[in-house]
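Notes follow the structure.
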Amino acid sequence: MTRVEVLLSVYDGERHLGEQVDSILAQRDVDVRLTVRDDGSRDGSVALLRARGVDVRAGTNLGLPDAYFSLLQDSTDDVDLWALADQDDVWLPHKLARAAAQLEGHEGPALYCARVLVVDEDLRPLYPHVLPHRGPSFANALVQNVATGCTVVLNREARALVRDRWPSYAVMHDSWLYLVLAGTGTVLYDPEVVVHYRQHGANVVGMGHGPVARVAGRVRRQLRPGGAGAHGRQDRELLRTHGDVLRPQARRELEAFLAAQHHLPGRLRYALRGAAHRQTRGSDAVLKALQVLGRV
């Protein structure tokens, strides 16, 4: 069977952690190795894990995205695939088997990701996450992430590509991985739901309760002091860390995007004709407005 190392960062996750760990260990048709790094929890997370026979690496509080960068950097060599997990979701039993089937035999670096069903704190369904109708692409990854972290699985070539080339800034670990792999390899998006993504008040990163709430939240984050330019900062880091291995077309798109941000006329022209885009018309219109304002 395909050997998969599941990488889980835990921080004060005791309330929902047991269900998530049980769902990871119950994955079908794959050989699962669960690696947990505790990010300085103050609750009973570590005791809960050890009671289930799970080894836990104790660590200082790195926060996100660095906790997952650390897990990937220190991940095990003798497996076939590496999967990321959040502490409060529930995986469907076939999640890793689907990823393994789609990644099997794929040449070159590849990232698998999939759709999630957003549920409430008690796992009652709220809505399925919107599908990326324009598909994964580097032009999309410049300004948006469609690779939800709890669904991400990397093959060996993808893991090798990101290790030892970590950014000094990233929007989030999944956003960084999507950007790197979209520019250097292949991103495989599975439209089938494979995770029940728990939405609650303590989420570090949440989906929001519906598309309008998500767009409104995005605009608020971009307009508040210090909130602008997150994707631009991440994209500049990509040029520094992976500029030498980007596909030629991806490098041209990256350089055009970054060059346009320096002055208003360039931002206006890019908003009208540039390649970077989001997945829906409404969100893309918001993006263009933020580009003109220099807030992307």
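In table form, for the structure just shown:
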{"item": "Number of the exception - residue 207 against (1) within 19 Å of the chain's Cα centre (by Cα); (2) modelled with pLDDT of 95 or more", "result": "(2)"}
{"item": "Pair list, Cβ under 9 Å, 6 or more apart: the stretch 47-65 residue among the acidic types (Asp, Glu), other residue at pLDDT 95 or above and not in a loop (DSSP other than H, G, I, E, B)", "result": "55/34; 55/35; 55/36; 55/49"}
{"item": "Only listed residue being among the hydrophobic types (A, V, I, L, M, F, W, C), in contact with a Lys or Arg (Cβ under 8 Å, 6 or more places away or on another chain), free of Cβ contacts under 8 Å to residues at least 60 places away in the same chain and within 29 Å of residue 136 (Cβ to Cβ), chosen from 36, 119", "result": "36"}
{"item": "Hits in the stretch 55-98 (condition: among the aliphatic types (A, V, I, L, M) and either at pLDDT below 95 or outside any strand (DSSP E or B) (or both))", "result": "58, 62, 64, 67, 71, 72, 79, 92, 96, 97"}
{"item": "Which numbered condition residue 184 misses (of (1) at pLDDT below 60; (2) crowded, with 20+ Cβ neighbours inside 10 Å)", "result": "(1)"}
{"item": "Residue that is farthest from residue 161 (Cα to Cα) [pool: residues in the stretch 225-272 that are in a loop (DSSP other than H, G, I, E, B) and charged (D, E, K, R)]", "result": "247"}
{"item": "Some residue of the stretch 14-21 being over 16 Å from residue 79 (Cα atoms), of a type in the set (Asp, Glu), in contact with a helix residue (DSSP H, G or I) (Cβ under 6 Å, 6 or more places away or on another chain) and in the same structural domain as residue 93 (by TED's automatic domain parsing)", "result": "yes"}
{"item": "Unique match (being among the β-branched types (Val, Ile, Thr) and assigned to a loop (DSSP other than H, G, I, E, B)) among 187, 116, 130", "result": "130"}
{"item": "Flag if residue 26 is in contact with a strand residue (DSSP E or B) (Cβ under 9 Å, 6 or more places away or on another chain), more than 20 Å from residue 192 (Cβ to Cβ) and aliphatic (A, V, I, L, M)", "result": "no"}
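The values are calculated or read from the model by the stated rules, or taken from the named source; none is laboratory data. Remember, it's a predicted structure, so these values are computed and weren't measured experimentally. Counting neighbours? That spans all protein chains shown, and the Cβs are built from the backbone with ideal geometry, glycine included.
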